[in-house]
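Accompanying notes for the structure given below.
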Amino acid sequence: MKTVGLTGGIGSGKSTVARMFEELGVPVYIADTAGKRLMAKSSDIRKKVIDLLGAEAYEGELPDRKHIASKVFEDRDLLRSLNAIIHPAVAKDFSRWKSEQDAPYVIKEAAILFETGGDKNCDYVITVTTPENIRIERVRKRDNVASEDVKARMQHQWDEDEKVKRADFVIENTEIDQTSLFVENIHEILLNKCK
């Protein structure tokens, strides 16, 4: 069974594309969702995160995402340390999840797939791309934040051009009907490659 990475910058529409693949019957693993679940459920991760960021990193059993974000987005070293706690756990969880699937290929959706070296564990990578002004507007509306906050988050991700260069497939996600056609075409190609 092949692993297909799905990535793209914040606001590019990775989640929309992931849902389209799911509708075609492809099992999809969302790394960010898994990371949140593991941060909430794993006492080992909770202890390590509290050791790194302080007791305020959790409200009871649940991670305080706003507090964590405010700490790590100002400090690249802290962000790297947090990623060193979360990403190995997500990789292990993904392997377990993949072993339970029955399909020609699965998709692993991860915003920072290239940044963490996760692409090395994928047979193919799809990059979702969208013009920056549209991405900023989507995230601004979705998260109810200022444009400057969105741009600050973008600084922690690779430039889209770099992701496009390294991808096996590129989906430009501006028109939903066009995006759907891209997904269907890539799905057919991947099914043929996975025979």
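Report whether or not Asn185 is at pLDDT 90 or above and more than 21 Å from Phe114 (Cβ to Cβ).
yes
Look through Ala91, Ala69 and report the one residue that is among the small types (Gly, Ala, Ser), modelled with pLDDT of 90 or more and not in a loop (DSSP other than H, G, I, E, B).
From the options Ala91, Ala69, the qualifying one is Ala91.
Which residue, of Lys66, Lys92, is free of Cβ contacts under 8 Å to residues at least 24 places away in the same chain, more than 30 Å from Glu137 (Cα to Cα) and either surrounded by fewer than 17 Cβ atoms within 10 Å (Cβ to Cβ) or under 20 Å from the mean Cα position of the chain (by Cα) (or both)?
On inspection, the qualifying residue turns out to be Lys92.
Within 28 Å of Leu82 (Cβ to Cβ) and out of contact with any Asp or Glu (no Cβ under 6 Å at 6 or more places or on another chain): which single residue out of Asn133, Asn121, Asn192 fits that description?
Asn121
Only one of Asn173, Asn83, Asn121 is over 21 Å from Val28 (Cβ atoms), surrounded by 13 or more Cβ atoms within 10 Å (Cβ to Cβ) and under 18 Å from the mean Cα position of the chain (by Cα); which?
None of the others qualify; the one that does is Asn83.
Go through (1) out of contact with any Lys or Arg (no Cβ under 6 Å at 6 or more places or on another chain); (2) among the β-branched types (Val, Ile, Thr); (3) closer than 17 Å to Thr127 by Cβ one by one and return the number of the condition Ile10 breaks.
Only one criterion in (1) out of contact with any Lys or Arg (no Cβ under 6 Å at 6 or more places or on another chain); (2) among the β-branched types (Val, Ile, Thr); (3) closer than 17 Å to Thr127 by Cβ is unmet by Ile10, namely (1).
Conditions: (1) within 30 Å of Phe21 (Cα to Cα); (2) surrounded by 14 or more Cβ atoms within 10 Å (Cβ to Cβ). Leu78 meets all but one. Number of the miss?
The failed condition is (1).
Whether any residue in the range 46-53 is at pLDDT 90 or above, assigned to a helix (DSSP H, G or I) and touching an Asp or Glu at 6+ places or on another chain (Cβ under 6 Å) is what I want to check.
So far as the range 46-53 goes, no, none of its residues is at pLDDT 90 or above, assigned to a helix (DSSP H, G or I) and touching an Asp or Glu at 6+ places or on another chain (Cβ under 6 Å).
Surrounded by 12 or more Cβ atoms within 10 Å (Cβ to Cβ), under 26 Å from Ala40 (Cα atoms), free of Cβ contacts under 8 Å to residues at least 24 places away in the same chain and within 17 Å of the chain's Cα centre (by Cα) - does that describe any residue in the range 150-165?
Within the range 150-165, not a single residue is surrounded by 12 or more Cβ atoms within 10 Å (Cβ to Cβ), under 26 Å from Ala40 (Cα atoms), free of Cβ contacts under 8 Å to residues at least 24 places away in the same chain and within 17 Å of the chain's Cα centre (by Cα).
From the residues in the range 47-56 that are among the hydrophobic types (A, V, I, L, M, F, W, C) and free of Cβ contacts under 8 Å to residues at least 12 places away in the same chain, which one is surrounded by the most Cβ atoms within 10 Å (Cβ to Cβ)?
Ile50
Has the range 72-79 got at least one residue that is more than 22 Å from Glu115 (Cα to Cα) and either in contact with a helix residue (DSSP H, G or I) (Cβ under 8 Å, 6 or more places away or on another chain) or part of a helix (DSSP H, G or I) (or both)?
no
The values are calculated or read from the model by the stated rules, or taken from the named source; none is laboratory data. Computed from a predicted structure; not experimentally measured. A quick note on method: Cβ atoms are made from the backbone with ideal geometry, for glycine too, and the neighbour counts reach across all protein chains shown.
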